[in-house]
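Novice: Structure incoming, see below.
The values are calculated or read from the model by the stated rules, or taken from the named source; none is laboratory data. This structure is a prediction, so every number in the text was calculated from the model and none was measured. Cβ sites come from the backbone with ideal geometry, for glycine too, and all protein chains shown count toward neighbours. These accessible areas exclude ligands, DNA and RNA; they are computed on the full protein's heavy atoms, side chains included. Shrake-Rupley method; radii C 1.70, N 1.55, O 1.52, S 1.80 Å.
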Amino acid sequence: MTLITCKDAAFAYDGNIVIKNLSFEVETGDYLCVVGENGSGKSTLIKGLLGLLPPQTGSVVWGDVKRNEIGYLPQYKAARKDFPASVSEVVLSGRQGGRGILPFYSRQDRAIAAENLERLGIAGLRKKCYRELSGGQQQRVLLARALCASQKLLLLDEPASGLDPLISVELYRLIAKINRETSVAIVMVSHDLKSAVENAKRILHVKHEQLFLGSPDEYQRSKIGKEFLNAGSE
Ligand code: ADP
(Lines give C-alpha, C1' and ligand atoms only; values in the text may rest on other atoms or scores of the structure.)
Protein backbone atom coordinates (compact mmCIF):
# COMPACT_ATOMS: atom_id res chain seq x y z
CA MET A 1 0.00 0.00 0.00
CA THR A 2 1.15 3.50 -0.72
CA LEU A 3 1.80 5.60 2.37
CA ILE A 4 3.08 8.86 0.87
CA THR A 5 3.22 10.14 -2.70
CA CYS A 6 5.44 13.11 -3.58
CA LYS A 7 4.73 14.51 -7.00
CA ASP A 8 7.05 17.18 -8.41
CA ALA A 9 7.22 18.54 -4.89
CA ALA A 10 9.42 21.51 -3.95
CA PHE A 11 9.99 22.89 -0.46
CA ALA A 12 10.98 26.40 0.44
CA TYR A 13 11.66 28.77 3.33
CA ASP A 14 10.21 32.25 2.85
CA GLY A 15 9.62 31.49 -0.81
CA ASN A 16 13.22 30.38 -1.46
CA ILE A 17 13.17 26.84 -2.80
CA VAL A 18 15.82 24.61 -1.19
CA ILE A 19 14.77 21.29 -2.72
CA LYS A 20 12.66 20.49 -5.79
CA ASN A 21 11.65 17.89 -8.40
CA LEU A 22 10.81 15.33 -5.74
CA SER A 23 8.76 12.51 -7.22
CA PHE A 24 8.60 9.24 -5.34
CA GLU A 25 6.33 7.02 -3.30
CA VAL A 26 6.80 5.39 0.08
CA GLU A 27 5.17 1.97 0.30
CA THR A 28 4.34 -0.31 3.22
CA GLY A 29 7.52 -2.08 4.37
CA ASP A 30 9.76 0.24 2.35
CA TYR A 31 13.25 1.17 3.47
CA LEU A 32 14.29 4.36 1.74
CA CYS A 33 17.61 5.99 2.61
CA VAL A 34 17.98 9.67 1.74
CA VAL A 35 21.60 10.62 1.08
CA GLY A 36 23.42 13.76 -0.09
CA GLU A 37 25.86 16.40 1.07
CA ASN A 38 25.19 18.65 4.04
CA GLY A 39 22.79 21.45 3.25
CA SER A 40 21.29 19.64 0.25
CA GLY A 41 17.75 19.64 1.65
CA LYS A 42 17.40 16.24 3.32
CA SER A 43 15.99 17.47 6.64
CA THR A 44 13.72 19.83 4.76
CA LEU A 45 12.34 16.86 2.82
CA ILE A 46 11.68 15.02 6.11
CA LYS A 47 9.77 18.08 7.39
CA GLY A 48 7.72 17.97 4.21
CA LEU A 49 6.92 14.26 4.66
CA LEU A 50 5.88 14.96 8.27
CA GLY A 51 3.52 17.65 7.02
CA LEU A 52 5.36 20.40 8.92
CA LEU A 53 6.28 22.25 5.74
CA PRO A 54 3.74 22.46 2.91
CA PRO A 55 5.11 22.00 -0.61
CA GLN A 56 5.74 25.28 -2.46
CA THR A 57 4.80 23.56 -5.72
CA GLY A 58 3.71 20.02 -6.56
CA SER A 59 2.07 17.83 -3.95
CA VAL A 60 2.58 15.51 -1.00
CA VAL A 61 -0.32 13.11 -0.48
CA TRP A 62 -0.68 10.82 2.53
CA GLY A 63 -2.33 7.55 1.52
CA ASP A 64 -2.63 4.65 3.96
CA VAL A 65 -1.18 6.67 6.84
CA LYS A 66 -2.50 9.68 8.72
CA ARG A 67 -0.10 12.46 9.53
CA ASN A 68 -0.40 11.77 13.25
CA GLU A 69 0.44 8.11 12.61
CA ILE A 70 4.01 8.85 11.55
CA GLY A 71 6.81 8.09 14.02
CA TYR A 72 9.72 10.51 13.99
CA LEU A 73 13.22 10.14 15.39
CA PRO A 74 15.40 13.26 15.29
CA GLN A 75 19.17 13.52 15.53
CA TYR A 76 20.69 12.63 18.86
CA LYS A 77 20.91 15.56 21.27
CA ALA A 78 21.95 15.29 24.88
CA ALA A 79 18.81 15.19 27.02
CA ARG A 80 17.91 18.33 28.88
CA LYS A 81 19.01 18.21 32.48
CA ASP A 82 15.55 19.24 33.66
CA PHE A 83 13.82 16.40 31.85
CA PRO A 84 13.02 13.98 34.66
CA ALA A 85 10.88 11.37 32.84
CA SER A 86 11.46 7.64 33.19
CA VAL A 87 12.18 5.44 30.18
CA SER A 88 8.70 3.90 30.26
CA GLU A 89 7.08 7.36 30.43
CA VAL A 90 9.07 8.55 27.42
CA VAL A 91 8.17 5.44 25.39
CA LEU A 92 4.50 5.62 26.42
CA SER A 93 4.32 9.28 25.41
CA GLY A 94 4.59 8.06 21.81
CA ARG A 95 0.94 7.01 22.22
CA GLN A 96 -0.20 10.63 22.78
CA GLY A 97 -0.55 11.54 19.10
CA GLY A 98 -4.12 11.64 17.95
CA ARG A 99 -5.63 11.26 21.40
CA GLY A 100 -6.40 14.94 21.74
CA ILE A 101 -6.12 16.39 25.20
CA LEU A 102 -6.99 13.27 27.20
CA PRO A 103 -4.06 12.54 29.51
CA PHE A 104 -4.96 8.86 29.96
CA TYR A 105 -3.27 5.85 28.49
CA SER A 106 -5.34 2.76 27.76
CA ARG A 107 -4.38 -0.81 28.55
CA GLN A 108 -3.63 -1.22 24.84
CA ASP A 109 -1.27 1.81 24.91
CA ARG A 110 0.63 0.23 27.80
CA ALA A 111 0.78 -3.14 26.02
CA ILE A 112 2.18 -1.52 22.87
CA ALA A 113 4.78 0.39 24.92
CA ALA A 114 5.84 -2.82 26.72
CA GLU A 115 6.11 -4.66 23.39
CA ASN A 116 8.38 -1.96 21.93
CA LEU A 117 10.56 -1.85 25.05
CA GLU A 118 11.10 -5.60 24.56
CA ARG A 119 11.65 -5.29 20.83
CA LEU A 120 14.42 -2.75 21.34
CA GLY A 121 16.04 -4.66 24.18
CA ILE A 122 15.49 -1.90 26.75
CA ALA A 123 12.81 -3.46 28.96
CA GLY A 124 15.40 -3.74 31.73
CA LEU A 125 15.89 0.04 31.65
CA ARG A 126 12.23 0.94 31.91
CA LYS A 127 12.35 2.38 35.42
CA LYS A 128 15.54 4.33 34.83
CA CYS A 129 15.62 8.07 34.35
CA TYR A 130 15.92 8.85 30.63
CA ARG A 131 18.50 11.61 31.03
CA GLU A 132 20.87 9.27 32.89
CA LEU A 133 21.19 6.84 29.98
CA SER A 134 23.99 6.77 27.41
CA GLY A 135 23.41 8.42 24.03
CA GLY A 136 22.89 5.06 22.32
CA GLN A 137 20.38 3.97 24.95
CA GLN A 138 18.53 7.29 24.67
CA GLN A 139 18.21 6.85 20.89
CA ARG A 140 16.81 3.33 21.45
CA VAL A 141 14.25 4.79 23.83
CA LEU A 142 13.26 7.43 21.28
CA LEU A 143 13.07 4.73 18.59
CA ALA A 144 10.72 2.72 20.83
CA ARG A 145 8.71 5.93 21.35
CA ALA A 146 8.51 6.49 17.58
CA LEU A 147 7.33 2.89 17.11
CA CYS A 148 4.62 3.49 19.71
CA ALA A 149 3.46 6.44 17.62
CA SER A 150 3.32 4.44 14.43
CA GLN A 151 3.13 0.86 13.25
CA LYS A 152 3.28 2.09 9.65
CA LEU A 153 5.97 4.66 9.00
CA LEU A 154 9.07 5.96 10.74
CA LEU A 155 10.97 9.02 9.56
CA LEU A 156 14.51 9.10 10.91
CA ASP A 157 16.80 12.09 10.47
CA GLU A 158 20.42 10.97 10.92
CA PRO A 159 19.47 8.99 14.01
CA ALA A 160 23.05 7.91 14.70
CA SER A 161 24.82 11.25 14.27
CA GLY A 162 26.81 12.13 17.38
CA LEU A 163 26.98 8.52 18.57
CA ASP A 164 30.11 6.37 18.75
CA PRO A 165 30.72 4.33 15.56
CA LEU A 166 30.03 0.96 17.20
CA ILE A 167 26.85 2.24 18.81
CA SER A 168 25.79 3.66 15.42
CA VAL A 169 26.27 0.28 13.76
CA GLU A 170 24.11 -1.32 16.45
CA LEU A 171 21.39 1.28 15.98
CA TYR A 172 21.37 0.79 12.18
CA ARG A 173 21.15 -2.97 12.71
CA LEU A 174 18.24 -2.52 15.02
CA ILE A 175 16.44 -0.27 12.53
CA ALA A 176 16.97 -2.86 9.76
CA LYS A 177 15.66 -5.60 12.07
CA ILE A 178 12.54 -3.60 12.90
CA ASN A 179 11.93 -3.09 9.18
CA ARG A 180 12.37 -6.82 8.50
CA GLU A 181 10.28 -8.08 11.39
CA THR A 182 7.40 -5.62 11.26
CA SER A 183 5.96 -4.10 8.13
CA VAL A 184 6.83 -0.58 9.29
CA ALA A 185 8.27 1.52 6.46
CA ILE A 186 11.48 3.46 7.13
CA VAL A 187 12.56 6.72 5.53
CA MET A 188 15.98 7.56 6.91
CA VAL A 189 18.39 10.39 6.26
CA SER A 190 21.84 8.93 6.65
CA HIS A 191 25.40 10.00 6.08
CA ASP A 192 26.52 6.41 6.64
CA LEU A 193 26.59 5.25 3.04
CA LYS A 194 27.91 1.79 3.85
CA SER A 195 24.99 1.06 6.11
CA ALA A 196 22.59 2.69 3.64
CA VAL A 197 23.59 0.46 0.71
CA GLU A 198 23.66 -2.62 2.95
CA ASN A 199 20.26 -2.17 4.55
CA ALA A 200 18.05 0.05 2.41
CA LYS A 201 15.72 -1.20 -0.29
CA ARG A 202 16.03 2.07 -2.18
CA ILE A 203 18.36 5.05 -2.20
CA LEU A 204 17.24 8.62 -2.86
CA HIS A 205 20.15 10.97 -3.55
CA VAL A 206 19.37 14.67 -3.39
CA LYS A 207 21.24 17.90 -3.96
CA HIS A 208 18.64 20.65 -3.91
CA GLU A 209 16.70 18.32 -6.21
CA GLN A 210 16.16 14.63 -6.75
CA LEU A 211 19.26 13.27 -8.54
CA PHE A 212 18.87 9.52 -8.14
CA LEU A 213 16.22 7.05 -7.02
CA GLY A 214 16.79 3.31 -7.29
CA SER A 215 18.05 0.15 -5.61
CA PRO A 216 21.35 0.10 -3.71
CA ASP A 217 22.82 -2.06 -6.52
CA GLU A 218 21.78 0.44 -9.17
CA TYR A 219 23.14 3.25 -7.01
CA GLN A 220 26.54 1.58 -6.61
CA ARG A 221 26.72 1.17 -10.39
CA SER A 222 25.56 4.72 -11.18
CA LYS A 223 27.95 7.60 -11.87
CA ILE A 224 26.61 9.69 -9.00
CA GLY A 225 26.66 6.73 -6.62
CA LYS A 226 30.24 5.84 -7.47
CA GLU A 227 31.37 9.44 -7.02
CA PHE A 228 29.61 9.87 -3.68
CA LEU A 229 30.66 6.48 -2.32
CA ASN A 230 34.30 7.14 -3.26
CA ALA A 231 34.21 10.62 -1.73
CA GLY A 232 32.71 9.17 1.46
CA SER A 233 35.41 6.54 1.89
CA GLU A 234 38.38 8.92 1.51
P1 ADP B 1 20.47 18.81 4.97
O2 ADP B 1 19.49 18.14 5.87
O3 ADP B 1 20.68 18.07 3.68
O4 ADP B 1 21.78 19.12 5.64
P5 ADP B 1 18.66 21.07 5.19
O6 ADP B 1 17.37 20.59 4.71
O7 ADP B 1 18.87 21.17 6.67
O8 ADP B 1 19.84 20.22 4.52
O9 ADP B 1 18.94 22.52 4.59
C10 ADP B 1 18.77 22.81 3.21
C11 ADP B 1 18.92 24.32 3.02
O12 ADP B 1 17.83 24.98 3.65
C13 ADP B 1 20.19 24.91 3.65
O14 ADP B 1 20.69 25.88 2.77
C15 ADP B 1 19.71 25.52 4.93
O16 ADP B 1 20.51 26.62 5.29
C17 ADP B 1 18.30 25.96 4.58
N18 ADP B 1 17.41 25.93 5.77
C19 ADP B 1 17.20 24.87 6.58
N20 ADP B 1 16.31 25.16 7.56
C21 ADP B 1 15.93 26.45 7.34
C22 ADP B 1 15.02 27.34 8.01
N23 ADP B 1 14.31 26.96 9.07
N24 ADP B 1 14.90 28.59 7.48
C25 ADP B 1 15.60 28.99 6.40
N26 ADP B 1 16.46 28.20 5.74
C27 ADP B 1 16.65 26.95 6.19
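Novice: Carbon-plus-sulfur fraction of the accessible area of the chain, 1.4 Å probe, in percent?
Specialist: For the chain, the apolar C and S fraction of the accessible surface comes to 50 percent.
Novice: Run through the DSSP bridge list for region 2-233 and note the antiparallel percent, rounded to the nearest 5.
Specialist: Approximately 50 percent, going by the DSSP bridge assignments.
Novice: Let me ask another. Between LEU52 and LYS201, what FRET efficiency follows from the Cβ-Cβ distance if R0 is 35 Å, with the result rounded to 0.05? Let's see the in-between values first.
Specialist: Working: r = 25 Å, r/R0 = 0.72.
Rounded to the nearest 0.05, the efficiency is 0.90.
Novice: What do you get for Rg/Rh of region 19-141 when both radii come from the Cα atoms and Rh is the Kirkwood radius?
Specialist: Numbers: Rg = 17.0 Å, Rh = 17.0 Å.
With Rh from the inverse mean 1/r over Cα pairs, Rg/Rh is 1.00.
Novice: Over 22 Å, how big is the tail of the calculated P(r) for the chain, in percent of all Cα pairs?
Specialist: Of all Cα-Cα pairs in the chain, 53 percent lie more than 22 Å apart.
Novice: Does a label point 7 Å from the Cα of GLU209, set along Cα-to-beta-carbon, have any residues of region 1-41 with amide nitrogen under 14 Å, and which are they?
Specialist: The answer is 8-11, 17-23.
Novice: Full extension from ARG173 to ALA12: what is 0.36 nm times the residue separation minus their Cα-Cα distance, to one decimal in nm?
Specialist: Using 0.36 nm per residue and subtracting the Cα-Cα distance, I get 54.6 nm.
Novice: Ok, one more. How big is the gap, in Å, between the Cα center of region 133-161 and the Cα center of region 1-70?
Specialist: 19
Novice: Then there's this: Out of region 85-194, which chymotrypsin sites (Phe, Trp or Tyr not before Pro) are coil in DSSP terms and have no more than 14 other C-beta atoms within 10 Å?
Specialist: Answer by residue number: PHE104.
Novice: Could I have the simple spin-label model distance between SER86 and SER134, label points 7 Å from Cα toward Cβ, reported in nm to one decimal?
Specialist: A separation of 2.3 nm, rounded to one decimal place.
Novice: What accessible area per residue comes out for the chain, rounded to a whole number of Å², with a 1.4 Å probe? Numbers along the way, then the final one.
Specialist: Values: 11990 Å² over 234 residues.
Ligands and nucleic acids excluded, the figure is 51 Å² per residue.
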